[in-house]
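The values are calculated or read from the model by the stated rules, or taken from the named source; none is laboratory data. Computed from a prediction, not measured in an experiment: that's the story for all the values here. Cβ placement follows ideal geometry from the backbone for every residue including glycine, while neighbour counts extend to all protein chains displayed.
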Amino acid sequence: MIGNFKVILGISGGIAAIKCADIVRDLKGLSAKVLVVMTKSAQEFVTPTTLTAVGADSVTTSLFNDKSDMPHIDIAKDAQVMVIAPATANIIAKLATGIADDALTTTVLALNCPLLIAPSMNESMWQNVATQKNIEILKSRGVKIIGPEIGKLACGDIGIGRMSEPLDIIRRIEELTSKRDQLSGKYFIVTAGGTREPLDEIRYIGNRSSGKMGFSMARKLLERGAKVSLITGPTELTAPFGCECIRIETVDELRDEVLKRYDASDAVVMAAAVSDYRFKKPVQGKIKKSEGPLNLTLVPAPDILKELGDRRSNKILIGFAAECGDDIEKKAREKLEKKNLDMIIANRVDDDRIGFDSDYNEVTMITLDSVEKIPISSKDSIAEKIVEKFIFLKEKALRSI
Ligand code: PMT
């Protein structure tokens, strides 16, 4: 049920835009507030007057109007979901590259909520390698895609490219918004990737963390409506849509960025692989090769999670334990207790199928009074289960008050 949610409907210029009146009418039937943003070419297919007549709360066609200095920021603020239907090949390419040259594309860049797109175009355009590459980029950022469907296209051909039916789009919007209020108003700090400790200006000690587990956590929290700051070590991954992404290298930088935000946060999820040691004194320039052995002194790096656990108030702290060999659960539980955490996620890092740099993981979620195993599955679905467990713990705590 959508209720009083604010939904942004972006319309780009394709023949399927004529179905947008139905989308607006159905959303209004579910009591949503519907803000429409149209491109110039969309107005060739459906007029702002039609959309207002079927109930749209506002229709924006330009960045320059007399009602607001910054319509894109006003529209994006507090929206629960944005859907672009139809999404043409052109708009998909613009979204993939971050072009912001009209009211619709600037609104997308200002969003802090899930984005759903319903592609619609000729089959050859859909299958063109450029379009497929752009779709992959959008998927990797967490943009949701519905369709396109197979059927009769505007050009008369039968093939893939039809926009999904308005009712299917509405159902998808309902799915996305039904989870949104579970964590809305909650602020999470999520860490991801590995830290790098410099030896000199060229070399460092690091680890094999890819950032995938932490990015999945951020994505799943965003889907439930949380505000997320994702602090990550070096990675190729693209930040999920709608989060603040801060890139760091060393333990000290990670600690600074976490502490800067800690007081304002409700929960911290530390999926980053953080160095336990660092070089006592990194060398200026490049260490030269010498004949004899090279002795370097490593000193303990700050344990960020332990520091948070020592000064915790009413925050939820979730750690990950990267373990090898036997007694994984026992070793992880020791970390849970020593660092004063609410939950620790134990995972193996001595099995190539899971853990570091894999798309898969196998974990055990451990709290003070529960142990739950999640069999091998994608990092996204592991993250989904961790978020569900978090919500369960939060509700249980509220019930016991
Ligand atoms: O990034 P991927 O390739 O997807 O791989 C995911 C992962 C294997 C890195 C991830 O699932 C994981 O296990 N992350 C935690 C790695 C780690 O540092 O584990 P640890 O057991 O050494 O530390 C326990 C906890 O303390 C962790 O939450 C860690 O972030 C934190 N810690 C550790 C050391 C330190 N100096 N400061 C910390 O805050």
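Picking from D303, D276, D342, D357, which residue would you name as being in the same structural domain as G206 (by TED's automatic domain parsing), in contact with a strand residue (DSSP E or B) (Cβ under 7 Å, 6 or more places away or on another chain) and within 8 Å of the ligand (Cβ to nearest atom)? Sole residue among the options that is in the same structural domain as G206 (by TED's automatic domain parsing), in contact with a strand residue (DSSP E or B) (Cβ under 7 Å, 6 or more places away or on another chain) and within 8 Å of the ligand (Cβ to nearest atom): D276. Restricting attention to segment 1-26 and to residues that are in contact with a helix residue (DSSP H, G or I) (Cβ under 7 Å, 6 or more places away or on another chain) and within 13 Å of M82 (Cβ to Cβ), the residue that is surrounded by the most Cβ atoms within 10 Å (Cβ to Cβ) turns out to be I11. I'm trying to understand the selection: among the residues of segment 137-148, which are modelled with pLDDT under 95 and either surrounded by fewer than 13 Cβ atoms within 10 Å (Cβ to Cβ) or in a strand (DSSP E or B) (or both)? Those that are modelled with pLDDT under 95 and either surrounded by fewer than 13 Cβ atoms within 10 Å (Cβ to Cβ) or in a strand (DSSP E or B) (or both): K139, K144. Annotation: of all residues in segment 258-307 being of a type in the set (V, I, T) and closer than 16 Å to N207 by Cβ, the one that is farthest from the chain's Cα centre (by Cα) is I304.
For every residue, the table says whether it meets (1) in a helix (DSSP H, G or I); (2) under 20 Å from C113 (Cβ atoms); (3) hydroxyl-bearing (S, T, Y).
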{"position": "G159", "(1), (2), (3)": "no, no, no"}
{"position": "I170", "(1), (2), (3)": "yes, yes, no"}
{"position": "E175", "(1), (2), (3)": "yes, yes, no"}
{"position": "R208", "(1), (2), (3)": "no, no, no"}
{"position": "M217", "(1), (2), (3)": "yes, yes, no"}
{"position": "L222", "(1), (2), (3)": "yes, yes, no"}
{"position": "I231", "(1), (2), (3)": "no, no, no"}
{"position": "E236", "(1), (2), (3)": "no, no, no"}
{"position": "L259", "(1), (2), (3)": "yes, no, no"}
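Residues in segment 344-361 that are without any contact (Cβ under 8 Å) to a residue 60 or more places away in the chain, in contact with a Lys or Arg (Cβ under 7 Å, 6 or more places away or on another chain) and closer than 25 Å to K394 by Cα: I344 only. Scan segment 42-57 and tell me whether some residue there is touching a Lys or Arg at 6+ places or on another chain (Cβ under 6 Å), of a type in the set (V, I, T) and in the same structural domain as S12 (by TED's automatic domain parsing). Looking for residues that are touching a Lys or Arg at 6+ places or on another chain (Cβ under 6 Å), of a type in the set (V, I, T) and in the same structural domain as S12 (by TED's automatic domain parsing), one finds at least one in segment 42-57, hence yes.
Of the strands (runs of 3 or more DSSP E) contained entirely in segment 328-381, not one carries at least 2 residues that are surrounded by fewer than 20 Cβ atoms within 10 Å (Cβ to Cβ) and in contact with a Cys (Cβ under 6 Å, 6 or more places away or on another chain). Take the residues of segment 306-327 that are surrounded by 19 or more Cβ atoms within 10 Å (Cβ to Cβ) and either away from the ligand (no atom under 12 Å from the Cβ) or acidic (D, E) (or both): which is farthest from L393 (Cα to Cα)? Applying the filter and picking the extreme gives E323.
Just to verify a result, which residue in segment 78-110, among those that are at pLDDT below 95 and not in a loop (DSSP other than H, G, I, E, B), is surrounded by the fewest Cβ atoms within 10 Å (Cβ to Cβ)? Step by step, filter segment 78-110, then rank; the result is L109. Note on segment 280-313: residues that are closer than 26 Å to M213 by Cβ and assigned to a loop (DSSP other than H, G, I, E, B) total 5. Of the residues in segment 242-261, not one is at positive phi, of a type outside the set (S, T, N, Q) and touching a Ser or Thr at 6+ places or on another chain (Cβ under 8 Å). Does segment 184-204 contain any residue that is surrounded by 18 or more Cβ atoms within 10 Å (Cβ to Cβ), assigned to a loop (DSSP other than H, G, I, E, B) and touching a Phe, Trp or Tyr at 6+ places or on another chain (Cβ under 7 Å)? Looking through segment 184-204, at least one residue is surrounded by 18 or more Cβ atoms within 10 Å (Cβ to Cβ), assigned to a loop (DSSP other than H, G, I, E, B) and touching a Phe, Trp or Tyr at 6+ places or on another chain (Cβ under 7 Å). Of the residues making up segment 211-231, those that are hydroxyl-bearing (S, T, Y) and farther than 17 Å from S377 by Cα number 1.
Pairs are defined by a Cβ separation below 9 Å, a sequence spacing of at least 6 or placement on different chains, a first member in segment 62-75 that is assigned by TED's automatic domain parsing to the domain that holds D101 and in contact (Cβ under 8 Å) with a residue 40 or more places away in the chain, and a second member that is assigned to a helix (DSSP H, G or I) and not polar (S, T, N, Q); the pairs so defined are S62/P71; S62/A103; L63/P71; L63/H72; L63/A103; I75/A103.
Residues in segment 64-77 that are assigned to a helix (DSSP H, G or I) and more than 22 Å from E223 (Cα to Cα): P71 alone.
Taken over segment 34-56, the criterion of being closer than 11 Å to A103 by Cβ and surrounded by fewer than 22 Cβ atoms within 10 Å (Cβ to Cβ) is satisfied by K40 alone. Flag: M121 matches the condition of being touching a Pro at 6+ places or on another chain (Cβ under 9 Å) and in a loop (DSSP other than H, G, I, E, B). Just one residue in the set R255, R224 is touching a Pro at 6+ places or on another chain (Cβ under 7 Å) and either under 20 Å from A321 (Cα atoms) or assigned by TED's automatic domain parsing to the domain that holds K280 (or both); that residue is R255. In this structure, L237 qualifies as within 14 Å of the ligand (Cβ to nearest atom) and either modelled with pLDDT of 95 or more or more than 18 Å from A267 (Cα to Cα) (or both).
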